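Heads up: the structure comes next, in structure tokens.
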Amino acid sequence: MSSFFPNSREEIDIKSTNPTLSSIHGFNIERERVTRNSSYLEVLGWDFENIWMMPEGGNDYPVLRNLSITPPVVTVNTTGVTLDQETLTIQVGGTVYLTAAIAPANATNQTVIWSSSDEEIASVLSDGTITAITAGTAVITVTTEEGNFQDSCTVTVINGVVHVSGISVSPETCSIILGNTLTLTATVTPSNADNQSVTWKSSNRNVLTVYKGKITTTGVGTATVTATSTDGNLTAVCTVTVLPNTPPIIPVTGIILPQNNLTLTEGNTHALTAAVSPVNATNQNVTWNSDNPSIASVDTNGTVSANASGMTFITARTADGGFTIK
């Protein structure tokens, strides 16, 4: 037996080939009579859209006609559905694609419906794409349109790791008196970075040491303190100058003489005392001067000597600030 499948929808003269038409394109021939336009035709077979037929009257010329006859459709029922993942863990903001396999693979209706048990944790699109929204757990379910067969995947959404992107130290420069301490502050960015830990190091332990940002001075000089982030090894530096331990300078603000007038007999002496204010001023030095030493002279300690009769002014002057009093 032979098969014959023409390449044209036109009438085909196959007399010269003289085939024995027992099947056409894999379909068994069924001989029966149909009526079309008042003519009786013998149906030899069909191939999907086309019908093969023999005109009545014993003509040896089979013809190909398009009679808009659709071959019967075989429906394959759905028997189940399976997801390619049973559990998933996704970071917030991430997406994952689930694949649903309908059984049997040639089922006629391949349509499925996706749903999430909690759209605020994980949402799912019609193509199975899952988007993680916030930390938590949600169940993604796929349901076949035919038969309502289901399968599910448990999705756990976790917060992603936030890495350190920068670090700074405050202050960036400072001076400390030997014997004093100072605590530096290190700030990592972003502020919600998961690992906020920082390590500290001194460039010269003979000048200062540092522990958790607290500086302890050990000598006079300059050293740098480096803060390093544990995440990313990012660094920031503070330059520290350690100064000698000298008392602070308290400036003079004035001077007072307890006596406004003094009468001496020629040849006598009297010691004047000047009071510098404030009393704890750093420089207490005072210089003395007489307007007319021939009448009365004054030494560096403020002792006045009467040399001759007459009147003169004795002036006390502070070394710091130049404050004077007569």
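Only strands (runs of 3 or more DSSP E) wholly contained in segment 162-245 count here; list those with 1 or more residues that are open to solvent by less than 50 Å² (accessible area, probe 1.4 Å).
166-170, 173-177, 185-189, 198-202, 208-211, 214-217, 221-229, 235-243
Are any residues in segment 78-95 under 38 Å from the mean Cα position of the chain (by Cα), assigned to a strand (DSSP E or B) and in contact (Cβ under 8 Å) with a residue 40 or more places away in the chain, and if so, which ones?
Within segment 78-95, THR82, LEU83, THR87, LEU88, THR89, ILE90, GLN91 meet the criteria.
Give the number of residues within segment 246-261 that are part of a strand (DSSP E or B) and exposed (fewer than 13 other Cβ atoms within 10 Å of the Cβ).
Number of matching residues: 1.
Restricting to segment 139-160, and then to whatever is in a strand (DSSP E or B) and not polar (S, T, N, Q), can you tell me which residue is most open to solvent (accessible area, probe 1.4 Å)? So that I can check it myself, show each step before the final result.
As a first pass, look at segment 139-160 and keep what is in a strand (DSSP E or B): 139-144, 150-158.
Imposing the further condition that a residue be not polar (S, T, N, Q) reduces the set to 139-140, 142, 151, 153, 155, 157-158.
On the way: VAL139: 52, ILE140: 0, VAL142: 0, ASP151: 46, CYS153: 0, VAL155: 0, VAL157: 5, ILE158: 71 Å².
Taking the candidates together, the pick is ILE158.
With respect to the numbered conditions (1) in contact with a strand residue (DSSP E or B) (Cβ under 7 Å, 6 or more places away or on another chain); (2) assigned to a loop (DSSP other than H, G, I, E, B); (3) closer than 26 Å to ASP299 by Cβ, which one is the sole condition not fulfilled by VAL276?
(2)
Would you point out the residue of segment 298-326, among those that are closer than 14 Å to ASN261 by Cβ and out of contact with any strand residue (DSSP E or B) (no Cβ under 6 Å at 6 or more places or on another chain), that is most open to solvent (accessible area, probe 1.4 Å)?
MET311
I need the full set of residues from segment 96-138 which are under 22 Å from THR79 (Cβ atoms), open to solvent by 20 Å² or more (accessible area, probe 1.4 Å) and not in a strand (DSSP E or B), in order please.
THR99, PRO104, ALA105, ASN106, THR108, ASN109, GLN110, THR111
Give the residue that is least open to solvent (accessible area, probe 1.4 Å), with candidates limited to residues of segment 262-272 that are closer than 12 Å to VAL298 by Cβ and either assigned to a loop (DSSP other than H, G, I, E, B) or touching a Cys at 6+ places or on another chain (Cβ under 8 Å) (or both).
Of everything passing the filter in segment 262-272, LEU272 is least open to solvent (accessible area, probe 1.4 Å).
Regarding segment 198-221, can at least one residue be identified that is under 28 Å from the mean Cα position of the chain (by Cα), modelled with pLDDT under 95 and of a type in the set (Ser, Thr, Tyr)?
yes
Checking the structure you have, find out if any residue of segment 285-305 is modelled with pLDDT of 90 or more, assigned to a strand (DSSP E or B) and within 60 Å of the chain's Cα centre (by Cα).
No, segment 285-305 contains no residue that is modelled with pLDDT of 90 or more, assigned to a strand (DSSP E or B) and within 60 Å of the chain's Cα centre (by Cα).
The values are calculated or read from the model by the stated rules, or taken from the named source; none is laboratory data. Small disclaimer: the values here were computed from a predicted structure and weren't measured. Here Cβ is always computed from backbone atoms with ideal geometry, including for glycine, and neighbour counts include all displayed protein chains. Heads up: the accessible areas ignore ligands, DNA and RNA and are worked out on the full protein's heavy atoms, side chains in. Shrake-Rupley method; radii C 1.70, N 1.55, O 1.52, S 1.80 Å.
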